[in-house]
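What follows draws every value from the coordinates through simple rules; no lab data is involved. Predicted model only: the values in this text are computed from it and were never measured. As a convention, Cβ positions derive from the backbone with ideal geometry for all residues, glycine included, and neighbour counts pool all protein chains shown.
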Amino acid sequence: MGELILIRHGQTEWSLSGRHAGRTDVPLTDVGEAAAKALAPRLAQHRLVAVFSSPLSRSMRTAELADLAGVRPDPDLMEWDYGGYEGLTAGQIRETRPGWDLWRDGVVPGDAAHPGERLGQVAARTDAVLDRIRPLLSGGDVAVVAHGHLARVLTVRWLGLDASAGRLLGHPHPGTLSFLATEDGQPFISAWNVP
């Protein structure tokens with residue numbers, strides 16, 4: 001059975017400043033591009049049978065710079081739609097909503113481009129991705145290039161946990177790898193947040 005390799009896109013100006021970048025298409029910084037290129041030798045060691053990516057340019061560019069071939073854009077891998085919190089930091093949100101926690105409190109509706117999304121909706125998207133990926137793992141490894149919160153939800157759903165358990169995982173740093181596997185039929189995290 002192959003591993004599911006989660007690749008967090010490289011650094012953007014918004015990830016650097018802690019701004020919530022859900023659907024806004026923010027480009028990679030020079031540091032983000034260099035980190036994406038640095039992933040190529042590590043990923044070349046794996047027999048990838050499929051590569052999926054969020055269609056946002058920060059993920060697609062990361063895949064390109066990491067020398068991944070045959071990348072399939074998948075809209076279900078887009079980041080959580082932060083609605084009215086798009087572009088804000090957690091500190092800015094807590095100024096108007098003290099004690100706010102994304103995993104517990106969710107987001108507020110935004111404009112037409114950022115209507116917002118409930119945690120259950122994000123979980124349903126990651127479940128659909130996992131349903132498509134699991135059969136492919138019998139042939140080798142599968143890589144997914146995506147976003148921080150989305151990767152956390154996908155990981156806990158891989159483990160069979162409620163999506164809210166994503167709060168228990170550290171936020172994957174930009175340009176890092178995480179590995180999900182199975183042993184004796186049981187899912188586990190074999191590595192997390194590897195530079």
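Take every pair of alpha-carbon atoms less than 8 Å apart whose residues are at least six positions apart; their mean separation over the length of the chain yields a relative contact order of 31 percent. Taking Cβ atoms as reference points and 12 Å as the exclusive limit, the residues near Val156 contribute a net charge of +1, counting Lys and Arg as +1 and Asp and Glu as -1.
Principal-axis analysis of the Cα atoms of the chain puts helix 148-158 at an angle of about 60° to the longest axis.
Extension gain, Asp111-Lys37: 0.36 nm per intervening residue step, less the Cα-Cα distance, totals 23.1 nm. Placing dummy labels 7 Å off each Cα toward the beta-carbon, the span from Met1 to Thr182 is 0.4 nm.
Scaling against 2.2 N^0.38 Å puts the C-alpha radius of gyration of the chain at 0.98. In the chain, the DSSP beta bridges split such that about 45 percent are antiparallel, to the nearest 5. Maximal additional length on extending the Arg167-Ala128 stretch stands at 12.0 nm, based on 0.36 nm per residue less the C-alpha distance.
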